[in-house]
1. Suppose we filter segment 114-136 for residues that are open to solvent by less than 10 Å² (accessible area, probe 1.4 Å), in contact with a helix residue (DSSP H, G or I) (Cβ under 6 Å, 6 or more places away or on another chain) and in a helix (DSSP H, G or I); how many remain?
2. Run down Ser143, Ser161 and say which single residue is under 17 Å from the mean Cα position of the chain (by Cα), surrounded by fewer than 18 Cβ atoms within 10 Å (Cβ to Cβ) and among the small types (Gly, Ala, Ser).
3. Given the criteria in a helix (DSSP H, G or I), touching a residue at least 12 places away in the same chain (Cβ under 8 Å) and not acidic (Asp, Glu), does Val194 qualify?
4. Mind listing whichever residues of segment 191-227 are small (Gly, Ala, Ser) and within 24 Å of Asp138 (Cα to Cα)?
5. Select from segment 195-232 the residues that are open to solvent by 10 Å² or more (accessible area, probe 1.4 Å) and of a type in the set (A, V, I, L, M) and list them in ascending order.
6. Scanning for something assigned to a helix (DSSP H, G or I), surrounded by fewer than 20 Cβ atoms within 10 Å (Cβ to Cβ), basic (Lys, Arg) and modelled with pLDDT under 95, does segment 82-95 turn up at least one residue?
Amino acid sequence: MSIINVSIIFLIAIFAVNIDAGVGKTITMDPCLESMKTASLPDLPYAYDALEPAISEEIMQLHHQKHHQTYVTQYNKALGKLRSALADGDHSSVVKLQSLIKFNGGGHVNHAIFWKNLAPVHEGGGKPPHDPLSSAIDAHFGSLEGLIQKMNAEGAAVQGSGWVWFGLDKELKRLVVETTANQDPLVTKGSHLVPLIGIDVWEHAYYPQYKNARAEYLKNIWSVINWKYASDVYERNNRDQTEI
């Protein structure tokens, strides 16, 4: 299942619920919700030890097999319960399930992007982006190093758990750095925001290797960032827009 499809499923599941709370009224289920497929854990495009020394094999296994799998499992369970609640006209359960779908669906969407944001050094990980993304970065952040410094500072400043994002604002036609709390995807800050790079700053992403040194993790992860993926997404979403 593609990231785009998962994103659509995630948003539909939250917002396509039509509730009429009047006495004697029923809840109607959006046809799209009825036909939605469950999510599945994607295979990694590299071996668990392929990102060492930046990210250890132990972390990659735990992060992918345990944490991401849990988001997938819990999302699918919540989606099934949502279908049942809608069919039963259970308004209270429909409302309660939305937070579970947002959290676990967001965790799945975010991690599906995260794995593609990374690449082993021998497969281009850490290699700087090419034009037109390279020139756009220079125009908005002064240099690639300026962008990295801003991302690291924003990521280190996230309180508790969350994500730091480098994205394209299709509405303003500019590159942006944003943070989101917990497992909120970048799209929760606006449907016009397209994630190019997302870095997980939950402790489970770095603690077994870096302990509480989040800043060190953020510094080292750039050596395995897949800028080719970011460039491809940027070009695809910027193709029909005015040059940034």
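The values are calculated or read from the model by the stated rules, or taken from the named source; none is laboratory data. As the structure is a prediction and not an experimental result, all values here were calculated from the model. Quick reminder, even Gly has a Cβ in these numbers, built from the backbone with ideal geometry, and neighbours come from all protein chains shown. Just the protein is used for accessible areas: all its heavy atoms, side chains included, with ligands, DNA and RNA removed. Shrake-Rupley method; radii C 1.70, N 1.55, O 1.52, S 1.80 Å.
1. Looking only at that region, the number is 1.
2. When all the criteria are applied, what remains is Ser161.
3. For Val194, the condition - in a helix (DSSP H, G or I), touching a residue at least 12 places away in the same chain (Cβ under 8 Å) and not acidic (Asp, Glu) - is not met.
4. Those that are small (Gly, Ala, Ser) and within 24 Å of Asp138 (Cα to Cα): Gly198, Ala215, Ser223.
5. Listed by number, the residues that qualify are Ala213, Ala215.
6. Yes, segment 82-95 contains at least one residue that is assigned to a helix (DSSP H, G or I), surrounded by fewer than 20 Cβ atoms within 10 Å (Cβ to Cβ), basic (Lys, Arg) and modelled with pLDDT under 95.
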